[in-house]
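Notes follow once the structure below has been shown.
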Amino acid sequence: MDMSSCSPSITTMIRMDHTHVMAAFHRYHIDTPWWRKRAIVELACTALEIHAQLEEEIFYPALSDAMPGDERLRKSKPEHDKMREDIAKLRAMGPQDAAYDARFMQLMREVMHHVADEETVLLPTAERALAARLSELGQRMTKRRLQLVAKHRPAAIAANTVGTFPLASIALISLGALAIAHCLRPASARRARRQW
Ligand SMILES: [Fe+2]
Ligand SMILES: [Fe+2]
């Protein structure tokens, strides 16, 4: 059986990751208890780190063939690096610190800007230029994600026990659900979509 035909496209996975980070952010309010704030931030930061690494290892290299030298792709990696710096600063603070809210908001503002560029420029370009490879790239992303999640798990578990926040595994759970839903669709529909 060709498993790549059963894999969601890499662009669908990327959008889903963005949605999960935004959903975590939307649970963060100024009056949220500090222990919950810390759990939300840890979840969002871990999800962002894994997501950025997956894009850099799999998505951006594939896309650079489709848009060589394009300014909008060239700035993606530096934006990830800036995000990693902001995450490190946030982790070095406690949630009771007066500047904690502002730092998290600043991180999320930059993430939203970056995500907007990806969703309105990079993903549509990939869907035009890499149409035949989207499922195969999605499959590679899933394999690599499993390795990275295993590596990050200790931090995510620590955040969970403090925050009683069952979100650390959400990326994997929803990924599995998406893959199943995708595979349950008639093969003819999948073929038609790929040709398109
Ligand atoms: Fe990105
Ligand atoms: Fe992204």
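What follows is calculated from the coordinates using simple rules that are stated; it is not laboratory data. Please read these numbers as outputs of a predicted model, since none were measured by experiment. Counting neighbours? That spans all protein chains shown, and the Cβs are built from the backbone with ideal geometry, glycine included.
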Point to revise | Neighbour cut-off at most 13 other Cβ (10 Å), DSSP loop, trypsin sites (Lys or Arg not before Pro), segment 70-114 | key: K75
Revision key, fill the gap. Between the modelled labels at R109 and T32 (7 Å from Cα along Cα→Cβ) the distance in nm is 1.8 nm
Exercise for review: With label points built 7 Å along Cα→Cβ from the Cα atoms of A99 and E85, find their separation and express it in nm.
Suggested key: 1.4 nm
